[in-house]
Structures are given as structure tokens and as C-alpha cells.
Amino acid sequence: MKRFASVDFMRGLAILLMLVLHMIMHTLNVDAMTADLSTVRLIEFVMMVILPFGGGMAGFFLMVSAMGNTISMESEFGLNTPARSVAGRQVTGGLILLFFAMLVEGVIGYHGDIGVFVHESLKAASDPSLGAVQGFWDHSLWRFNHFETIHTIAWCIILNGIIHSALSSREKYRDRNKMIETYIYLAVAVLVLTPLMWGLAKVIIPGFPVSEGDFTLSYPRIGEASLGRFILVFFLQPLAGHPEPVFPYLAASFIGTIFGLFLTMPKEQRRTERFVRAALRIGIVMYLIGLAGVLYNVFSVVNTQGFDQGLNLYMNIWDHRGWTQDIFGTPFLGWYFQFMLLNGFGVLIIMSVIRLVELRGKAKPFGDGTRFVRRFGFVAFTNYSMQYLYFIAMFIVFDWIFGIPYDRNAGFWAQAFTTIALGIGIYAVLLALWEKIRFAGSLEWAVKQINYFLNRERRKKLKERGVTWYRAGLMNVQGILYAPEWVDLVPEEEVDYAGHAESKLAVKLAKIGLVFPPYAIVGFVIARKAAAKEGGSPEHRKALIWTRVSLLFFLAWLTAFFILTPSMLS
């Protein structure tokens with residue numbers, strides 16, 4: 001099975017980082033840690049900037065999902081599957097995913113009834129004086145409408161499937177560069193239409209999705225609200241729901257579609273250097289525009305409402321719908337700058353990974369070397385829904401190891417890092433065992449199994465291959481995790497080692513690493529490995545010097561930030 005190592009890696013990385021960030025956010029007692037800012041180490045201030053930012057990278061996961069979905073659609077078109085048939089599969093798959101997204105948010109997810117039950121049960125076990133757990137079967141009655149990333153992905157699969165199939169059926173879009181250009185216009189159009197869609201939702205339901213700080217407008221309750229209200233909110237949530245509506249996040253999906261087209265387009269149509277250069281520049285421009293606007297809005301709130309409100313605004317940068325005047329009080333297009341900042345950074349990450357993998361002929365070694373990370377993305381939806389597993393890790397860390405009552409936001413860095421180690425360990429063991437039965441019983445398995453019965457063409461193909469109905473949902477572990485056919489856009493033998501391509505790349509990464517340290521580490525690794533083919537050349541010696549300087553610079557400020565506090569600098 002043909003796979004792009006960068007896409008599989010980024011999907012797993014997004015889930016892994018989400019788990020780490022959520023474990024930190026649910027463990028740390030930020031108020032207690034910042035009670036006396038003069039004693040807080042500078043590295044903790046840095047972490048308080050990085051963690052909320054990382055928590056807002058749902059758009060990155062959406063872009064990566066759109067890349068995978070586009071690759072899948074292009075593969076179908078390559079087999080001469082009719083556009084109408086591809087669109088039908090996309091709509092069916094999106095609706096199935098939407099159903100499970102509602103099920104996860106309301107019932108089986110970590111914020112649904114089961115997740116709340118696990119949390120409350122562990123809390124009661126840690127502190128018996130709290131009494132028996134009761135009254136937790138409530139979220140299923142309303143929280144299914146909580147418009148999180150999976151809801152957005154489901155709607156984008158439906159909309160993207162219809163749009164992409166319609167475009168692909170037309171002769172002029174045989175040139176994929178023309179289609180990429182069209183998707184750029186569509187992404188811009190979504191951003192322009194976003195305030196209009198939000199305004200339309202407010203006309204239909206005044207104040208939607210929030211009224212006087214209360215989101216119950218967008219959460220009709222089973223047993224109380226009318227059927228008409230449920231249907232109305234079902235369609236208004238994608239337009240203007242909380243916290244990640246399709247407007248503007250369909251634009252992020254279109255950006256992911258563009259990257260998917262780039263990876264799959266015929267070689268004679270792919271203007272590789274031009275595309276990579278343009279994408280990186282666009283990502284930088286988006287990031288800088290977003291950074292300027294976000295800083296302006298935060299400082300404006302600080303000046304008018306006080307430091308605490310400004311801090312609260314930034315700490316909630318993950319809340320995509322919240323960055324508006326009527327929710328968090330951002331004075332000037334807060335949602336737009338928040339979108340540009342977070343998704344501009346996402347564009348840079350995606351293009352950087354593609355540049356470092358498929359454009360260097362490194363798909364196989366990279367894919368084989370990142371199997372641990374890729375495994376987390378293999379059943380990403382299931383891992384998202386089972387985050388109550390780290391509640392168990394938190395209980396063990398708090399109650400058994402440190403001897404303090406288990407609760408959310410009741411720990412410090414020691415508890416946070418121990419929880420991360422144990423929580424990721426629990427996930428890793430579970431996934432390694434689960435793959436032995438090809439993830440039977442996972443949400444991905446359930447989606448595929450239901451799709452088997454709803455999709456006649458898929459059912460026919462599986463029967464032709466001798467796949468029985470009860471095996472239709474099993475995941476292709478061997479063909480995706482262990483022995484895929486890795487795809488390189490530039491084979492390793494075409495890399496310009498004679499022109500010192502690797503050393504020059506390492507120098508560029510080292511310079512970027514002075515601002516974004518992870519690039520310094522990657523540049524250092526590339527420079528060392530380039531020694532076998534470029535060693536001894538002036539370019540390679542230059543690469544070694546630059547990467548070492550960049551890495552030492554990073555280690556120097558990291559050490560200083562671990563030691564220094566504001567009181568030491570005053």
C-alpha cells in the first residue's frame with residue numbers, strides 16, 4: 001500500500017502532542033504556581049506561552065486529515081472511479097464520522113458521560129469522604145452538539161468530497177495546478193464569508209452561540225427542546241458553533257487539500273521548488289500577520305480590562321470561536337488573527353516535514369524510524385476518545401506515588417511529567433497489544449464496518465477479494481504500519497549531493513534554529529549524517545559550524561531559563 005511517511009507521522013504527532021498537552025493542562029495548578037511571579041523560573045513563563053499555543057493546533061490536525069483524505073480521493077480517481085461515486089462515499093463516510101463524533105462528545109469520550117464517570121470515580125476512590133458517584137449521566141443529553149475538531153473534520157469530509165469530486169469531473173482541472181489555484185480562492189472566500197455566516201446564525205437565533213456568557217443556545221437538551229430546535233442547531237453549529245466551526249476552518253481543510261494535491265499530482269505537473277518556496281513564504285506571512293494581530297488584541301484587552309483578562313484571553317487561544325468581541329472581548333478581528341497565527345504555524349510545520357522527508361528521498365528510513373509516533377495516528381479518533389486513560393495515570397501518580405488527593409489541576413511539574421510518562425506508556429502498551437487483533441472494536445473499525453453495509457460498491461470489492469463481512473472493519477496493520485510502499489517525491493539518488501544539498505539545508509535549518517530551536521536539532525543531525533557523502537567540503541564544514549553554534553545557543557538559553565527567575569533579574 002502506497003503511503004506518505006510525512007502524513008502518517010504528522011497525524012500521529014498531532015495526537016501524541018494533544019495527549020501530552022492535555023495531561024499537562026489537566027494536571028497543573030497554574031494559580032498556585034503563579035501566586036508569586038517573582039519566584040517562577042523563566043522556563044515556566046516560556047511553557048505558559050507554548051502550552052496554550054500548542055493547545056490551539058487543532059487546525060494543524062484538520063489540515064493533515066484533509067491531506068490524507070485528498071490522497072485517498074486522488075487514488076480513487078486514479079482507478080477511474082466516477083466522481084459521483086467518490087462524492088457519495090465521502091458524504092456517507094462524513095455522516096458516519098459525524099454520528100460517532102456526537103457519540104464521543106456526549107457519551108464515550110473523556111468529556112462525555114463515561115469520561116466524567118471515570119474521573120469522578122477515581123476522585124471518590126482517592127477521597128472516600130466525597131461519597132458515592134452520582135448524577136453523571138447528563139452530558140449525553142446535550143454535549144453531543146459540542147463542535148470539536150472531529151465534528152469539523154466530518155463536515156469538511158462531506159463538503160470537500162462534494163467540491164473535489166465536482167472539480168475533478170471537469171476537463172480543465174486535469175491540470176492539478178489549476179485545481180490548487182481554485183482551492184486558494186476557495187480558502188480566501190471562506191475567510192471572507194466567516195463573519196457573514198456568524199451574523200446569519202445570530203439572525204436566526206439571536207446571540208448564537210452564546211448569550212450572556214452561556215452557551216446553552218447551541219446545546220438543546222434532549223427531553224426539553226423541540227425537534228425543530230435540534231434540526232436548526234444541527235445546521236447552525238457548522239456555520240458558527242463552538243469552539244471550532246466549519247467557518248473559518250473549512251479554509252484550513254482547503255489548505256490541507258492543496259498539500260494533498262501537491263503530493264499526488266503527476267510529476268510533469270509538479271513545480272516542486274516553486275511550490276515549496278511559495279508555501280513556506282505564505283506560512284511565514286500568515287504567522288507574522290497573526291502574531292501581530294494577536295499581540296495587539298491581547299495588549300488592548302490588558303489596557304482596557306486588566307492584566308488578568310489579557311492573560312485569560314491568551315490562555316484560551318485554543319478556543320477558536322471564543323476570539324470574538326461577544327465572547328472574549330477581542331476588539332479587532334480576533335478570530336482572524338488567531339486563525340492566521342495558529343494555521344500559519346501549521347503550514348510551516350507541514351511543509352517543513354515534507355521538505356525534510358519526501359523531498360530528500362528519506363521516506364522509508366523516516367517512516368520505519370517513526371513507527372511509535374505513527375501508531376498513535378493509526379487509530380487517531382479512538383485515541384482522542386479514550387483520553388480518560390490518562391485519568392488513570394493521574395490517579396496512580398497523585399494518589400499512589402505522591403500521596404496527594406487525585407483531582408484535575410491539583411499538581412505541579414513533578415506530577416505533570418510523571419503523568420505524561422505513565423500515560424503515554426499506558427497508551428503505547430495498549431496500542432501495541434491491540435494491533436495484534438488489527439484494532440477490532442476501535443472507532444475506526446466501527447466506522448469501516450458500518451460503511452461496509454452502507455456502501456454497496458465497497459461491499460462488492462471486498463467480496464471479490466474474499467473478505468467476509470465480519471472482517472470488513474479490520475485495519476490494515478501490516479500494509480500501513482509495517483510494510484507500506486513508501487512514496488518519495490525526490491528519490492534519494494536524485495538528491496544533489498555533489499552540490500552539497502544536505503549541507504546547505506543544514507545551514508538554513510541552523511539559522512532558523514536560532515529562533516525555533518527544534519530546527520537547530522534537525523539541522524545538526526542532517527549535518528552529521530551528510531559527512532558520509534559531503535564530508536571534507538567547505539560547505540559541510542560550514543554546516544557543522546552553524547549547526548553546532550545554533551545548538552549551543554539553544555542549550556545556553558535553555559539552561560539560563562531553568563535557573564533564572566524575575567527576582568534575579570530585578
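Numbers below:
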read-out: Every residue from the range 394-413 that is of a type in the set (Gly, Ala, Ser) and in contact (Cβ under 8 Å) with a residue 12 or more places away in the chain; value: ALA410, GLY411
read-out: The range 107-133: number of residues that are part of a helix (DSSP H, G or I) and either without any contact (Cβ under 8 Å) to a residue 12 or more places away in the chain or in the same structural domain as PHE398 (by TED's automatic domain parsing) (or both); value: 4
read-out: Verdict on ARG270 being surrounded by fewer than 22 Cβ atoms within 10 Å (Cβ to Cβ) and more than 29 Å from TYR336 (Cβ to Cβ); value: yes
read-out: Hey, GLY367 in contact with a Lys or Arg (Cβ under 8 Å, 6 or more places away or on another chain) and of a type in the set (Gly, Ala, Ser) or not; value: yes
read-out: Options VAL104, VAL133, VAL64; residue that is aliphatic (A, V, I, L, M) and surrounded by fewer than 21 Cβ atoms within 10 Å (Cβ to Cβ); value: VAL133
read-out: Which listed residue, of ILE205, ILE222, ILE231, is exposed (fewer than 14 other Cβ atoms within 10 Å of the Cβ), among the β-branched types (Val, Ile, Thr) and touching a Leu at 6+ places or on another chain (Cβ under 8 Å); value: ILE222
read-out: Residue in the range 479-496 that is surrounded by fewer than 13 Cβ atoms within 10 Å (Cβ to Cβ) and within 24 Å of the chain's Cα centre (by Cα) present; value: yes
read-out: Residue in the range 497-508 that is surrounded by the fewest Cβ atoms within 10 Å (Cβ to Cβ), counting only those that are outside any helix (DSSP H, G or I) and not hydroxyl-bearing (Ser, Thr, Tyr); value: ALA498
read-out: Condition check for GLY228: under 27 Å from MET63 (Cα atoms), without any contact (Cβ under 8 Å) to a residue 40 or more places away in the chain and assigned to a helix (DSSP H, G or I); value: no
read-out: Residue list for the range 535-560, restricted to those being over 16 Å from PRO517 (Cα atoms), in contact (Cβ under 8 Å) with a residue 12 or more places away in the chain and of a type in the set (D, E, K, R); value: GLU539, LYS542
read-out: Residue count, the range 362-393 (criterion: without any contact (Cβ under 8 Å) to a residue 40 or more places away in the chain and under 26 Å from GLY115 (Cα atoms)); value: 0
read-out: Helices (runs of 4 or more DSSP H) completely within the range 320-406 that count 2 or more residues being aliphatic (A, V, I, L, M); value: 334-356, 389-395
read-out: Qualifying residue in the range 266-284 (condition: among the hydroxyl-bearing types (Ser, Thr, Tyr) and modelled with pLDDT of 90 or more); value: no
read-out: Selection status of LYS463, basic (Lys, Arg), in a helix (DSSP H, G or I) and touching a helix residue (DSSP H, G or I) at 6+ places or on another chain (Cβ under 8 Å); value: no
read-out: Flag for SER75 being loosely packed, with under 15 Cβ neighbours inside 10 Å and touching a strand residue (DSSP E or B) at 6+ places or on another chain (Cβ under 8 Å); value: yes
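The values are calculated or read from the model by the stated rules, or taken from the named source; none is laboratory data. Small disclaimer: the values here were computed from a predicted structure and weren't measured. FYI the Cβ positions are ideal-geometry reconstructions off the backbone, even for glycines, and counts take in every protein chain you see.
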